[in-house]
Amino acid sequence: MVDIPVIFCFDDRILTGAGVSILSLIDAAAPGTRYQIHVFHPGFGAAITDGLSALTSGTRHTMAFHRIEPARFADVPKNRGSWTEIVYFRLLAAEILADCDRAIYSDVDVFFCRDLAEAFTVDLDGHEWAGVAAEANRAPTRMHRHFPENGKDLIYFSGFMVMNLALMRAQGAIPRYFRTIETFKDRLKFFDLDLLNIATPRIQRLPFDYVVLEDIYETEDVTQSRDYDYLQSVYSVAELEAARAHPVIVHFAGRRGKPWQRQMQPKYFAETAARLPARLRRGTFRDFRKKWLGKKGRRVFASRSPMVRG
């Protein structure tokens, strides 16, 4: 049995998305994988923790909750929308999971289709984390911000990370993160993504399978996806199509918005959401507004097919 710590960071505004992510992770686990799920949060009541704990009840997987005081990130760049201080919570993983040498971090706007054991065992010698390349790091960039101080050839997504916690502790990663925030505060556009790319000396590369953006997954011709404009700087059409055919993770990022804020949801997402405890299926006013009044709620995007795992 392989024990894999997996970190999710979220608050009570994203319970449906988080619930689907966790449930799909469990559904896709190989028989020899046991997930130790760690939820980093700013404060949950008993109803929420009970609802989330129910997802692992009766399974071989476990769940633990770690409360983080938002005040620790009082002076970091953030907004009131999706990018609150919670996007920085993962920076404390090496401290909070002091007994773990490595862990996986994932955003909660994802759907897991395959097991994560292969990613978890990737060679991290000399690398603080492994992630998926997003764009070539050369000016001018098409999507992400170019920082001359970042000498790496690639810019990496920060939504899925295999974290070398032992090396992070040895190299003082946490204080380095806060020094970098202070130095680049006014220049950080994508907050956590910019910070982690700038502050990390070496990043190991994972295949695109681990961040198959939904617009790539759903568009019949990958070259017609809006994301192709910047992805083509690091991926061939064949590579994108291969990942699209057998994704490990589908990431709900980009123009389509979040599934729980749409009138028409992908079938595989809706079927998984329907299995969640009722407490995790309650939307927020922000969800309602986007679903019924905002452009992201229009009945435009529907799934091309149910997800096939394999």
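The values are calculated or read from the model by the stated rules, or taken from the named source; none is laboratory data. All values reported here derive from a predicted model rather than from experimental measurement. For neighbour counting, all protein chains shown are included, and Cβ atoms are generated from backbone atoms with ideal geometry for every residue, glycine included.
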Among (1) in contact with a Phe, Trp or Tyr (Cβ under 9 Å, 6 or more places away or on another chain); (2) in contact (Cβ under 8 Å) with a residue 24 or more places away in the chain; (3) surrounded by fewer than 17 Cβ atoms within 10 Å (Cβ to Cβ), the one test that D186 misses: (1)
L23 being modelled with pLDDT of 95 or more, within 16 Å of the chain's Cα centre (by Cα) and more than 26 Å from M168 (Cα to Cα): yes
Breaking point among (1) closer than 28 Å to R67 by Cα; (2) modelled with pLDDT of 95 or more, for D123: (1)
Residues located in segment 253-310, provided they are part of a helix (DSSP H, G or I), crowded, with 18+ Cβ neighbours inside 10 Å and at pLDDT 90 or above: P259, W260, Q261, Y268, F269, T272, A273, L280
Residues of segment 138-166 satisfying the condition of being surrounded by fewer than 21 Cβ atoms within 10 Å (Cβ to Cβ) and either polar (S, T, N, Q) or not in a loop (DSSP other than H, G, I, E, B) (or both): T141, N150, L154, A166
Cross-chain or 6+ apart pairs with Cβ under 8 Å, segment 201-217 first and outside any strand (DSSP E or B), then among the hydroxyl-bearing types (S, T, Y): F208/Y235; D215/S225; I216/S225; I216/Y228
Residue that is farthest from the chain's Cα centre (by Cα) [pool: residues in segment 101-121 that are surrounded by fewer than 18 Cβ atoms within 10 Å (Cβ to Cβ) and not polar (S, T, N, Q)]: D101
Residue within segment 189-208 that is more than 15 Å from R90 (Cβ to Cβ), modelled with pLDDT of 95 or more and of a type in the set (D, E) present: no
Count - residues of segment 220-243 that are part of a helix (DSSP H, G or I), surrounded by fewer than 15 Cβ atoms within 10 Å (Cβ to Cβ) and in contact (Cβ under 8 Å) with a residue 12 or more places away in the chain: 4
